[in-house]
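Note sheet for the following structure.
The values are calculated or read from the model by the stated rules, or taken from the named source; none is laboratory data. This one's a predicted model, so the numbers in the text were calculated from it and none came from an experiment. Glycine also receives a Cβ, built like all others from the backbone with ideal geometry; neighbour counts cover every protein chain displayed. In case anyone asks, the SASA skips ligands and DNA or RNA and just uses the protein heavy atoms, side chains included. Shrake-Rupley method; radii C 1.70, N 1.55, O 1.52, S 1.80 Å.
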Amino acid sequence: MAEIAPHLSEWRGRWKGDSPLLLKPGETEQVARILAICDETETEIVPQGGNTGLVGGQIPTRGEVLLSLERMNRIRSVSVDDNTLIAEAGVVLANAQKAADQAGRLFPLSLAAEGSCTIGGNVSTNAGGVNVLRYGMMRDLVLGLEVVLANGRVLDSMRGLRKDNTGYDLKQLFIGAEGTLGIVTAAMLKLFPKPAGYTTVFVAIADVDVAVELLHRLQEATGGLVTAFEIMQRRALDLVFKHIPGTVDPFPSHSGWTLLIEISNPSAFDATEALEQALARAVEEGKIFDAVFAKTARDREALWRLREAIPEAQRLDGASIANDISVPLSRIPDFIRSGEKAVRAVLSEARTFTFGHVGDGNLHFAVQAPGHDAALLAARDGIERAVQDETAKLRGSISAEHGLGLAKNEAIARYRSADEIALMRELKRTLDPKNILNPGKVLPAA
Ligand code: FAD
């Protein structure tokens, strides 16, 4: 029981599960055998990687068997010529990054949970993170998959081809499926040239409206080398200074929005000067107030820490309602304004603590009500509904990168057409006719 307990609740403690059995296979053949038995006995099963998912998808909430992939943690191969790496599902993301680095290549997926989340979980949630602007989401980084189907058969698409138009691209079905269509046992991942260095800068901006224009300017100035373009509301950063020891405020007198911008420089040239000039022009125009460049690797780490510690600081501060949404880039300022208004209409004490990936139109629109935690949690449904409705008005998505899991599987019925939901159900029936794979997640109850 002591061994199973950590697998039954998730990071924020929102979902608590229950399971009679935890299985930890070490080989694909063992996963195949387990699934064949589950198929025969109609036993429901929930796959789990690093248990860092934020929508409850990895938690067995109806007494299912729990399948942890953590022992499948081998890097099977790295090919410098093909620019590929094959990782088993339980490889921790940071270890996949390290293996690529040791081979002189870059695996660019990067997120704050990279020390615990796994490649299988990253594939199954189509994880995003801070480098999507330059390299895309997990869907763009997968060249092939090994998947165990609900009946125990193994589907192997690890051909590693960058061009392959032989019919439907089946691997894509399992990417972002949150374990409801098959169990990912290994993935062939795309590698990239390693940047020669980074230029990282923290920027205090006049108003959220300038963020998108600044992004486009900097892309133009640097020839598209902007890798990360993160935005942080003052309130969200203040939580970091309050709760995370050793963090220092680069702009103590600035009360508005802050950006963390990073470019990755190729070995042939350094785009720092171009970035500095573009930022200096923006200062002259009054669009930005101040900029602090990282001078050393430690400075860079410290600036990234401010951004990446926001979720942890929020958790330490008390109750919060996380909303992971995306809207077209041009509508980000509209959404921030109308979203905050809609949230306060539900609970007047509520405040947004926004941060996110501007370049992807993806905001983590967290809502807190300091001193009123109970009222906030009681208003959860109304607040989530208000945020989702505002997102939909701007033709956005109610889940940009975390998925649906148990958190939004009912809500999705309001924002996807009946035809889309019906087609998703057909897919589920085809691939999992006995509904044994992560049942009750992703799709609304029938
Ligand atoms: P788990 O949490 O174990 O599982 C997630 C889902 O995938 C579940 O539905 C599970 O059933 C399924 N699953 C897991 N392994 C398999 C498998 N082998 N086969 C089939 N299904 C499987 N996410 C982002 O996209 N971007 C971010 O920037 C980001 N930042 C985060 C920051 C923090 C502090 C935390 C705690 C989380 C963050 N996340 C982020 C969310 C989370 O880290 C990702 O969703 C991650 O991809 C989950 O990986 P995992 O191994 O922990 O999967």
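General observations
- Residue satisfying all of: in the range 320-334; open to solvent by less than 30 Å² (accessible area, probe 1.4 Å) and either in contact with a Lys or Arg (Cβ under 9 Å, 6 or more places away or on another chain) or in a strand (DSSP E or B) (or both); nearest to the ligand (Cβ to nearest atom) among these: D324
- Screening V91 on (1) modelled with pLDDT of 95 or more; (2) within 14 Å of the ligand (Cβ to nearest atom); (3) not assigned by TED's automatic domain parsing to the domain that holds A127 shows it passes everything except condition (3).
- Which numbered condition Q97 misses (of (1) within 16 Å of the ligand (Cβ to nearest atom); (2) part of a loop (DSSP other than H, G, I, E, B); (3) not hydrophobic (A, V, I, L, M, F, W, C)): (2)
- All positions within the range 428-443 that are assigned to a loop (DSSP other than H, G, I, E, B) and either farther than 18 Å from T61 by Cβ or open to solvent by 40 Å² or more (accessible area, probe 1.4 Å) (or both): P433, K434, N435
- In the set (1) modelled with pLDDT of 95 or more; (2) among the aliphatic types (A, V, I, L, M); (3) under 23 Å from the mean Cα position of the chain (by Cα), L133 fails one condition alone, (1).
- Selection of the range 46-79 for residues being part of a strand (DSSP E or B), of a type in the set (A, V, I, L, M, F, W, C) and surrounded by 22 or more Cβ atoms within 10 Å (Cβ to Cβ) yields V46, L66, L67.
- Positions within the range 116-153 being more than 13 Å from the ligand (Cβ to nearest atom), closer than 28 Å to N435 by Cβ and open to solvent by 30 Å² or more (accessible area, probe 1.4 Å), in sequence order: N151, R153
- Pairs with Cβ under 6 Å, 6+ apart, first in the range 50-77 and among the acidic types (D, E), second near the ligand (Cβ under 9 Å from one of its atoms) and not in a loop (DSSP other than H, G, I, E, B): E64/V46
- Every residue from the range 374-412 that is in contact (Cβ under 8 Å) with a residue 60 or more places away in the chain and either part of a helix (DSSP H, G or I) or away from the ligand (no atom under 16 Å from the Cβ) (or both): I383, E384, V387, Q388, T391, L394, R395, G396
- Selection status of N165, more than 15 Å from the ligand (Cβ to nearest atom) and within 27 Å of E64 (Cα to Cα): no
- Filter pass, P193 being more than 8 Å from the ligand (Cβ to nearest atom), surrounded by fewer than 16 Cβ atoms within 10 Å (Cβ to Cβ), farther than 30 Å from I436 by Cα and not basic (K, R): yes
- Those strands (runs of 3 or more DSSP E) of the range 138-211 in which at least 1 residues are over 19 Å from the mean Cα position of the chain (by Cα) and among the aromatic types (F, W, Y), considering only elements entirely within it, cover 197-205.
- When G160 is tested against (1) open to solvent by 60 Å² or more (accessible area, probe 1.4 Å); (2) more than 15 Å from the ligand (Cβ to nearest atom), only condition (1) is not met.
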